[in-house]
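Novice: Okay, here's the structure, questions in a sec.
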Amino acid sequence: MTDVRYPFTAIVGMADLRLGLLLNAVSPAVGGVLVRGEKGTAKSTMVRALAGLLPSIDTVPGCRFACDPSSPDQQCPDGPHGAVPGQERPAHLVELPVGVSEDRIVGSLDLERALAEGVKAYEPGLLAKAHRGVLYIDEVNLLQDHVVDLLLDAAAMGRSYVEREGVSVRHAARFLLVGTMNPEEGELRPQLLDRFGLTVEIAATREPDERAEVVRRRLAYDADPDGFAARFAAEERELAERITAARELLPQVVLTDVALRQITAVCAAFEVDGLRADIVMARTAVALAAWEGRTEVNEQDVRKAAQLALPHRRRRNPFDAPGLDEEQLDRTLDEHSEGPSEGPSEGPEDDGPDGDGGGAPEPQGDAPDGSTAAEEPAGEPEVPAQAQGGGSKAPVASAGEPYRTRLFKVPGTGKGAQGRRSPAETDGGHTIRARRPQGHLSRLHLTATLRAAAPHQAARGRDSRALVLRKDDFREQVRQGRESNLVLFVVDASGSMAARQRMTAVKGAVLSLLMDAYQRRDKIGMITFRGSGAELALPPTSSVEVGAARLEQLPTGGRTPLAAGLLRAHETLRVERMRDPHRRPLLVVVTDGRATGGRDALPQAARAAGLLAAQGVASVVLDCESGHVRLGLAHTLAAQLNASAVTLDDLRAEGVAALVHAHRPSSPMRKAA
């Protein structure tokens with residue numbers, strides 16, 4: 001593989017991403033940039049190319065923390081540093097792997113040596129390596145929340161802290177933070193989105209000529225990286241020099257009172273939470289002026305800063321797509337510009353919006369394949385029969401308003417990724433016991449360690465106040481928190497569900513459970529069954545947004561192949577168990593319990609339910625039966641699954657005394673009260 005990077009100036013299009021990265025290179029105080037876009041759009045290529053444009057830095061020779069010799073960090077673990085000549089080197093690009101641990105990020109202390117020998121042995125982490133460079137997080141939305149929090153805290157404070165049982169190390173950690181993500185794989189929480197200074201939406205161009213140029217350049221680079229880089233060497237030098245010049249001009253840029261009033265007015269008009277958006281917009285506008293070679297911020301700087309800094313701060317729930325109303329932005333800027341027009345008549349038009357817009361719209365998931373079902377089952381005259389094939393479409397009911405649901409959790413204690421649903425052994429949470437270290441000791445249980453060492457002090461010849469510790473004495477904490485789970489929905493979309501307009505209430509209930517899964521950091525999947533079979537409408541993913549879109553477009557009608565839906569769930573969980581053995585599943589079956597398609601439809605469904613019960617799959621049946629006369633088939637299915645059965649009315653959290661109803665596979669089945 002070649003070491004020659006792809007030139008930044010050779011990348012075609014993506015003006016907003018280009019600008020967002022360059023503004024952060026000019027002023028890292030902007031707070032980094034989050035790049036949102038579909039796969040294969042050169043997100044990673046552009047970030048890696050940016051690192052080659054950054055000015056070189058002077059460092060203290062031998063310092064593992066890249067201290068600046070002109071102003072070394074007073075708390076540097078390798079310090080104190082005397083007056084020594086600096087050593088010039090390129091700024092580092094540090095890439096953070098998805099499965100990175102907390103110790104790998106912040107560094108690790110050798111607690112055994114610290115306690116037994118009194119030596120503060122510290123191994124720097126990736127934050128130390130990224131100091132004064134670029135920290136690049138690919139697929140940031142797939143990282144665990146506590147890891148993202150840790151990274152954003154360090155980026156905001158410019159310092160990293162390591163605390164272990166009274167041993168403390170801290171060092172400077174200032175870097176340009178860049179994260180990329182594919183929204184189809186799951187969103188970041190709004191609290192984490194807000195911590196990124198800027199967000200840019202990108203999508204592959206649909207212009208054939210532009211796409212052809214992208215392919216042409218990539219093929220030329222692959223064939224001759226050195227020759228291709230040489231073609232753009234002059235442009236790369238010019239861009240690097242412009243970044244340096246803008247950095248030098250930055251302290252001279254003036255943010256006028258008019259521009260500041262426009263910034264605060266825009267943030268107030270768009271009802272963004274807190275004041276971070278105002279500060280980020282101000283820093284971005286100043287960086288824009290410096291980038292353009294000006295010493296005063298103007299209205300266009302404010303407008304562009306709003307387009308980059310506000311869209312991701314407008315989300316109010318996980319199903320909202322980031323965006324910005326351009327007309328509202330223009331009105332607010334006009335109302336708070338210098339010299340407002342008198343009276344109600346319209347003033348002279350401004351130059352109009354720049355053509356960049358507010359970013360590409362959020363890509364929406366495709367509708368599930370609504371393979372047309374067989375005829376409507378007997379006894380459901382309310383729904384017209386759906387013909388197989390042809391041009392007729394199955395009816396699609398809209399979803400009701402989501403609401404807060406009861407919490408269902410998987411019984412027992414798992415070891416899955418941290419979340420907010422089921423009990424599990426995690427890195428966070430409260431300490432429940434101590435054990436001998438399994439691998440590197442990172443979370444010392446001090447009391448248990450001292451208790452293990454105490455009986456042996458006389459035999460070890462202790463002759464002072466200090467304890468004599470051995471490796472076998474050390475104990476680590478076992479902590480219990482909560483994990484995220486795979487919530488697999490099996491949704492009955494047959495004609496019986498469409499009758500009496502139940503599907504709107506059913507979709508509202510599933511949408512509410514999707515919201516709950518988002519808040520608890522779960523992965524979700526969706527199986528639907530209608531007509532002659534079942535389909536995996538949504539493979540397991542972290543994107544509840546895609547799940548909501550698939551649910552909204554879900555058609556109804558036809559027979560009720562309940563057994564097919566349960567068997568598809570059994571196969572899906574089997575595959576996921578091999579992919580992610582530590583993530584425990586929670587099966588949510590949304591049905592009225594009916595099964596049609598032959599005399600043995602119900603016995604087949606019972607056998608399929610038995611397979612899931614035999615595997616110990618934690619399940620909940622959402623009983624969608626309505627009307628005065630009820631057959632209780634959903635409760636029968638729940639008993640076969642060894643699951644809880646909950647009605648639509650009982651799903652809501654309001655007015656329920658016990659919010660947590662976890663079934664236990666070994667206990668008799670009961671209806672959740």
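The values are calculated or read from the model by the stated rules, or taken from the named source; none is laboratory data. Being a predicted model, the structure only gives us computed values, none of them experimental. In this analysis, Cβ positions are derived from the backbone assuming ideal geometry, glycine residues included, and neighbour counts consider all displayed protein chains. With ligands, DNA and RNA removed, areas are computed over all heavy atoms of the protein, side chains included. Shrake-Rupley method; radii C 1.70, N 1.55, O 1.52, S 1.80 Å.
Novice: Which FRET efficiency value, to the nearest 0.05, is calculated for Glu425 and Thr9 with the Förster distance at 41 angstrom and r the Cβ-Cβ distance?
Specialist: For Glu425 and Thr9, the calculated efficiency is 0.25.
Novice: With every protein chain left in place and a probe of 1.4 Å, what is the accessible surface of Asp103, to the nearest 10 Å²?
Specialist: That residue has around 40 Å² of solvent-accessible surface.
Novice: For Arg436 and His146, what does the FRET efficiency come to when R0 = 22 Å and r is the distance between their Cβ atoms, rounded to the nearest 0.05?
Specialist: 0.30
Novice: Please report, as a whole percent, how much of the solvent-accessible surface of the stretch 533-621 comes from carbon and sulfur atoms (probe radius 1.4 Å).
Specialist: Roughly 53 percent of what the probe reaches on the stretch 533-621 is carbon or sulfur.
Novice: For Arg89 paired with Gln615, estimate the spin-label separation in nm (one decimal), with each label point 7 Å from Cα along the Cα-to-Cβ line.
Specialist: Result: 5.1 nm between the two label points.
Novice: At 0.36 nm per residue, and after removing the present C-alpha to C-alpha distance, how many nm does the segment from Ser101 to Met157 gain when stretched out fully?
Specialist: 18.1 nm
Novice: What accessible area per residue, rounded to a whole number of Å², is obtained for the stretch 507-593 using a probe radius of 1.4 Å?
Specialist: Accessible area per residue: 29 Å².
Novice: Moving on. What is the extension gain from Ala245 to Thr413, computed as 0.36 nm multiplied by their sequence separation minus the C-alpha to C-alpha distance, in nm to one decimal?
Specialist: The span from Ala245 to Thr413 would gain 54.8 nm if fully extended.
Novice: Mind scanning Lys43/Lys304; Lys304/Lys523; Lys409/Lys471; Lys39/Lys129; Lys304/Lys507 and naming the pairs with a C-alpha gap bigger than 32 Å?
Specialist: Beyond 32 Å: Lys304/Lys523; Lys409/Lys471; Lys304/Lys507.
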